[in-house]
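So the structure is just underneath, and the comments pick up after that.
The values are calculated or read from the model by the stated rules, or taken from the named source; none is laboratory data. Just so it is clear, the model here is predicted, and its values are computed rather than measured. So basically every Cβ, Gly included, is an ideal-geometry build from the backbone, and we count neighbours across all protein chains shown.
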Amino acid sequence: FTVLAIESSADDTCCAIVDSTRKIYSNIVMKQNDIHEPYGGIYPMSAIGTHQQNMPCAVQRALDDSKLDLLRDIDGIAFTRGPGMPGCLSVGMNAAKTLAAALRKPLVGVHHMQAHALTPLLTAWPNQPTFPFLTQLVSGGHTLLLLATSVNSFRILATTRDESIGRSFDKVSKLLELNWTNLGPGDALEKFCAEDSGVDCPSIPAFPRPLLGKLAYSFAALHSHVKQFIEVQGGIANLTLSMKRALARGFQIAAVQHLEEKLLLGLNYCKTENIPVRSVVVSGGVASNTFLRERFQACLLDFDSNTSLSLTFPPPSLCTDNAVMIGWTSIYRFLAQDTDNYDIGLRPKWCIEDL
Ligand code: ATP
Ligand code: FE
């Protein structure tokens with residue numbers, strides 16, 4: 001079964017073609033960084049306009065790269081139904097519905113976070129995680145610890161009380177006035193931390209450890225810590241390069257430590273409840289962070305030294321938004337002949353427990 005999938009929930013205009021044997025024929029991601037960098041984050045009106053401009057080109061390029069024929073080779077059309085920014089989602093949904101209706105192909109609207117969570121079932125084959133697994137979704141709009149018991153049943157064990165980890169990375173990157181890389185502000189922060197010039201500055205006060213021992217996240221205090229330090233110094237212009245680097249590294253360590261603590265609480269919870277979790281999945285844009293990946297490997301080895309727990313990350317390019325994950329997730333529904341009507345609507349605020 002071959003699907004053409006469209007994703008436009010945030011600022012990337014994406015189209016991909018994937019089939020039920022896990023073959024990825026094409027994966028087009030058209031970024032909008034140049035448009036949003038001056039604002040320091042996604043500017044919704046520009047994002048909608050740019051999706052409108054780019055969507056036909058993304059679809060055309062996905063078809064060209066795949067060498068497939070839309071009418072003959074594509075069996076179904078999928079799109080991101082939610083959660084996400086309504087105006088942005090509607091561009092992708094309308095493109096998908098029109099294609100499906102005109103070509104009389106079946107249609108499936110996909111949950112964006114379910115797609116982030118199921119990506120390793122596509123990419124880690126044949127060593128993919130087995131249910132039930134714990135998944136930590138770390139992205140621009142969410143920070144969730146989920147217990148996945150099947151492809152369409154997820155229980156939220158922890159969520160954020162304020163902002164997402166991705167947003168926090170974006171804010172710190174902006175506070176430190178870093179230039180975005182082609183992968184955006186979070187990636188810029190990671191690259192800045194990894195550069196070796198500038199020794200750690202001993203005068204940075206220790207970062208807070210919010211909600212210790214609780215199954216809940218909080219990142220606002222971490223980025224506020226950075227903000228306050230800069231204010232006390234009288235502005236970013238008064239910070240030396242080594243102070244900036246120490247702040248960035250301190251933030252990255254504190255954010256990842258916070259994730260680790262919650263993951264361990266989740267694993268202990270499953271142990272107490274006799275839920276036989278053998279796999280951990282980490283996905284979403286922030287899971288492309290190399291420091292996070294290394295720390296998580298070490299953290300799970302500490303927790304379970306006989307390594308019977310598997311840890312899976314999608315490849316970095318499929319951690320950030322893409323339409324491959326949307327196509328893959330839709331395939332479970334296409335194969336079950338559980339498709340949507342052409343008049344289906346968006347669900348911009350869709351809880352993953354309500355699939
Ligand atoms: P959601 O999936 O919650 O709807 P989104 O789709 O906007 O949000 P993703 O594309 O999954 O989010 O992830 C984008 C986020 O990941 C941004 O906040 C970005 O800064 C962050 N990010 C990307 N690469 C890295 C990195 N290497 N280190 C840290 N953060 C990163
Ligand atoms: Fe996303």
> Say we look at the range 127-158 and pick out the residues that are buried (at least 18 other Cβ atoms within 10 Å of the Cβ) and of a type in the set (Ser, Thr, Tyr); which of these is farthest from residue 268 (Cα to Cα)?
Replying inline: 139
>> Any residue that is within 16 Å of ligand 2 (Cβ to nearest atom), at pLDDT 95 or above and over 19 Å from residue 83 (Cα atoms) - is there at least one of those in the range 147-168?
In response: yes
> Out of the residues in the range 74-95 that are crowded, with 24+ Cβ neighbours inside 10 Å and among the small types (Gly, Ala, Ser), which is farthest from residue 114 (Cα to Cα)?
Replying inline: 92
> If you take the residues of the range 283-330 that are more than 16 Å from ligand 2 (Cβ to nearest atom) and assigned to a loop (DSSP other than H, G, I, E, B), which of them is surrounded by the fewest Cβ atoms within 10 Å (Cβ to Cβ)?
Replying inline: 306
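Report yes if residue 310 is in contact (Cβ under 8 Å) with a residue 60 or more places away in the chain and within 26 Å of residue 16 (Cα to Cα), otherwise no.
Numbers: in contact (Cβ under 8 Å) with a residue 60 or more places away in the chain: yes; within 26 Å of residue 16 (Cα to Cα): no.
No, not satisfied.
When you scan the range 178-189, do you find a residue that is among the β-branched types (Val, Ile, Thr), at pLDDT 95 or above and either surrounded by fewer than 20 Cβ atoms within 10 Å (Cβ to Cβ) or over 16 Å from residue 262 (Cα atoms) (or both), even just one?
Taking the range 178-189 as the starting set, the residues that turn out to be among the β-branched types (Val, Ile, Thr) are 181.
Then keep just the ones that are at pLDDT 95 or above; that gives none.
No: zero hits.
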> Looking only at residues in the range 100-126 that are of a type in the set (Gly, Ala, Ser) and buried (at least 21 other Cβ atoms within 10 Å of the Cβ), which one is farthest from ligand 2 (Cβ to nearest atom)?
Replying inline: 100
> Within the set of pairs 6+ apart or on separate chains, which have a first residue in the range 173-193 that is free of Cβ contacts under 8 Å to residues at least 12 places away in the same chain, a second that is within 9 Å of ligand 1 (Cβ to nearest atom) and of a type in the set (Asp, Glu), and C-beta atoms under 7 Å apart?
Replying inline: 181/187
> Are any residues in the range 13-34 at pLDDT below 95 and either in a loop (DSSP other than H, G, I, E, B) or over 19 Å from residue 84 (Cα atoms) (or both), and if so, which ones?
Replying inline: 31, 32, 34
> Taking interchain pairs and intrachain pairs at least six residues apart, which have beta carbon atoms under 6 angstrom, with the first residue in the range 224-245 and free of Cβ contacts under 8 Å to residues at least 24 places away in the same chain and the second crowded, with 16+ Cβ neighbours inside 10 Å?
Replying inline: 233/239
> Restricting attention to the range 64-71, does a residue exist that is among the aliphatic types (A, V, I, L, M), in a loop (DSSP other than H, G, I, E, B) and touching a helix residue (DSSP H, G or I) at 6+ places or on another chain (Cβ under 8 Å)?
Replying inline: no
> Looking at (1) of a type outside the set (A, V, I, L, M); (2) under 18 Å from residue 137 (Cα atoms); (3) over 25 Å from the mean Cα position of the chain (by Cα), can you tell me which one residue 229 breaks?
Replying inline: (2)
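One line per residue, one yes/no per condition, for (1) touching a residue at least 24 places away in the same chain (Cβ under 8 Å); (2) among the charged types (D, E, K, R):
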{"residue": "263", "(1), (2)": "yes, no"}
{"residue": "276", "(1), (2)": "yes, no"}
{"residue": "293", "(1), (2)": "no, yes"}
{"residue": "306", "(1), (2)": "no, no"}
{"residue": "331", "(1), (2)": "yes, no"}
{"residue": "336", "(1), (2)": "no, no"}
{"residue": "354", "(1), (2)": "no, yes"}
